[in-house]
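Since the structure comes first, as structure tokens, the remarks are kept for the end.
The values are calculated or read from the model by the stated rules, or taken from the named source; none is laboratory data. Note that the coordinates shown come from a computational prediction; the quantities given were computed from them, not determined experimentally. Cβ sites come from the backbone with ideal geometry, for glycine too, and all protein chains shown count toward neighbours.
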Amino acid sequence: MESDRGVGVLSGRALAAWLLGTSLVRVILRLLFTKQAPGLAKFRENYDADGLAPVTEDERETMTQYSGCIACGRCDVGESARIAESDGQYPGLMQLVLASTRSMPDYDAAARGFSFVPEDVLRSKVARCPARIPFAELAAFVRAKAPAEPPGIAAIEEATEKQAF
Ligand code: SF4
């Protein structure tokens, strides 16, 4: 096989081994001499637009406490006035725990929902919850990880601008 790499005398397995070997060396050299973006920066670059925030190992561990809801509805007792006042933004605690908080891109909506419930109410409801969901900590986590703007808005704005021209 003729090529501009000077491997004209090689064929079959020898050629494959040569190509793999030289590719490996090239990759190693590139990694050694090219400045790589840190993993976190790369993560943000790839996932910010989807509304996904990075989590630490501790946060990942803590997140398991938020997922034990058995949908008993006990945390919604006494919430009807706040639900009514929220004009559709607060569907009740159970709904926030069950649905809104399980998908990080929806955290902006969940954070809005939690804003209708005072901190002391969130704390007092833990004893009533059979799954002992730490509502106040969950609300704080949701606020901290909520996307600055709903995912997809930038893409919609970009598409709208293009259509305008
Ligand atoms: S009280 Fe606890 S288990 Fe019951 S619905 Fe609310 S969060 Fe879920």
>> If I filter region 88-104 down to residues being in a helix (DSSP H, G or I) and surrounded by fewer than 17 Cβ atoms within 10 Å (Cβ to Cβ), which single residue comes out as modelled with the lowest pLDDT?
In response: R102
> Out of V77, V126, V97, which single residue is of a type in the set (V, I, T), touching a Leu at 6+ places or on another chain (Cβ under 9 Å), within 16 Å of the ligand (Cβ to nearest atom) and in the same structural domain as E149 (by TED's automatic domain parsing)?
Replying inline: V97
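Restricted to region 129-144, and to residues that are touching a Phe, Trp or Tyr at 6+ places or on another chain (Cβ under 6 Å) and over 13 Å from S67 (Cβ atoms), which residue is farthest from the ligand (Cβ to nearest atom)? Please lay out each step first, then the result.
Taking region 129-144 as the starting set, the residues that turn out to be touching a Phe, Trp or Tyr at 6+ places or on another chain (Cβ under 6 Å) are 138-139, 142.
After this cut, where a residue has to be over 13 Å from S67 (Cβ atoms) as well, the list is 139, 142.
Values: A139: 12, V142: 14 Å.
Residue satisfying both the conditions and the ranking: V142.
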> Do you know which residues across region 43-76 are in a helix (DSSP H, G or I), closer than 23 Å to A127 by Cβ and in contact with a helix residue (DSSP H, G or I) (Cβ under 8 Å, 6 or more places away or on another chain)?
Replying inline: T62, M63, Q65, Y66, R74, C75, D76
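Can you find even one residue in region 58-68 that is farther than 18 Å from V97 by Cα and either outside the structural domain of L10 (by TED's automatic domain parsing) or of a type in the set (D, E) (or both)? Don't jump to the end; show me each part of the working.
Step one: of region 58-68, the residues farther than 18 Å from V97 by Cα are 58.
Filter again for either outside the structural domain of L10 (by TED's automatic domain parsing) or of a type in the set (D, E) (or both), leaving 58.
Scanning region 58-68 turns up at least one residue that is farther than 18 Å from V97 by Cα and either outside the structural domain of L10 (by TED's automatic domain parsing) or of a type in the set (D, E) (or both).
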>> Just the residues that are out of contact with any helix residue (DSSP H, G or I) (no Cβ under 6 Å at 6 or more places or on another chain) and in a helix (DSSP H, G or I), please, taken from region 127-148.
In response: A127, E137, A140, F141, A144
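Condition test on Y90, is it among the aromatic types (F, W, Y) and in contact (Cβ under 8 Å) with a residue 40 or more places away in the chain?
Values: among the aromatic types (F, W, Y): yes; in contact (Cβ under 8 Å) with a residue 40 or more places away in the chain: no.
Judged against the criteria, Y90 is not a match.
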